[in-house]
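Here's the structure we're looking at; comments come further down.
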Amino acid sequence: MYNEADVFRELAALLRVRPELQLLCRLGGQWASQHEQQGEGWAPFHIVTHGACLIDVEDRIGIPLKAGDVAVLPHGEPHIVRALPTAVGPPSVVRVHRRLYDELVLKSNVDGEPDTKLICGHLCFEHARNNMVLAALPPVVVLASAEGPHRGRLRRIVDAIRDELEKDRLGGASIAAALASGLMVIVLAAHFESECECQGVLALLTRRRTARALVAMLAEPARGWTLDELAALANTSRATLVRLFHVAMGRAPLAFLSELRFTLARNRVRATHTSMAVIAESVGYESETAFIRAYHRRFGIAPGEDRKGGLGADFAHRGPKANTFALDAIVQGRPKART
């Protein structure tokens, strides 16, 4: 029997994230670092390992970050990371140099002990255009290491990453990157458990009735679910279930189920060597041919070609100045104003 933890594991697996560490920042006095819109599927993150700073994202100005905190921008929005207004000292020249044993860049504007230390990088998402979990996340997610149910393990991961990078030693960056891969799962867990107003598929999980329907869909995606069956499992009326799904996803439960099947199928096509016949059956298609036709209509490419493209097809446009983040409206659900 599926429960909420099982659902979370299924959805987290759809993210398929690859971390890249880029910068070590050692800063003092007054400073500000401006970051432009990132390419599709690239989510910048900032880990504060010492001191404190502020981050400005869209209309949220001056979000505080302290040592041990992590800020992740799932959609790569432009943002500014800057010193506290109380920081002592005028702006100074930032010096940049590469380290000996890895590709990390060290940025510093001080000769002695800095006021603030940060580790900065990107989380790189596979097939971001069709990721309903990624689409549900807000512009910025801040995990505070001093509060919340995840503070212990968050601080341990941050400290471990810091310790691996503090000294420029062979293999340190690779170990730190492996540790960083757990950050997004913690982001999802913290966001899911928070009391904030969620959107998209996370909103389905935060409401008991829609969560029950989602559990059933994930448990048996190939089953020919009817609206009556899903409403009965959710212990609500058909009309109420349809309304709740429209509020969260902008579509009815069975239309959402169709997209969920495609999402699960594409994840298996691109991430495994499972035969197309088996994948087709797992998402409710009676024949491989029908599945291939439907897949091509949905994604504009045959599943076999999509598998050959692999990761490279999703990151054809890399780097911070690539195309802006554009989500498929079907996956994203009804557009909402960000607050």
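Taken together, the values in this text are just the output of simple stated rules run on the coordinates, not laboratory data. Note that this is a predicted model, so its numbers are computed, not measured. Because the Cβ atoms are built from the backbone with ideal geometry, glycine has one as well, and the counts that use them run over all protein chains shown.
For Asp168, what is the net charge nearby, where nearby means another residue's Cβ is under 15 Å from its Cβ and Lys, Arg count +1, Asp, Glu -1?
On the way: positive: Arg26, Arg98, Arg99, Lys107, Lys117, Arg162, Lys167, Arg169; negative: Asp102, Glu103, Asp163, Glu164, Glu166.
Residues close to Asp168 contribute a combined charge of +3.
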At the level of C-alpha centres, the distance separating region 39-83 and region 255-278, in angstrom, is 34 Å
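Could you line up Lys167, Lys117, Lys107 from fewest to most neighbouring Cβ atoms inside 10 Å?
Numbers: Lys167 9, Lys117 21, Lys107 17.
Neighbour counts put them in this order, fewest first: Lys167, Lys107, Lys117.
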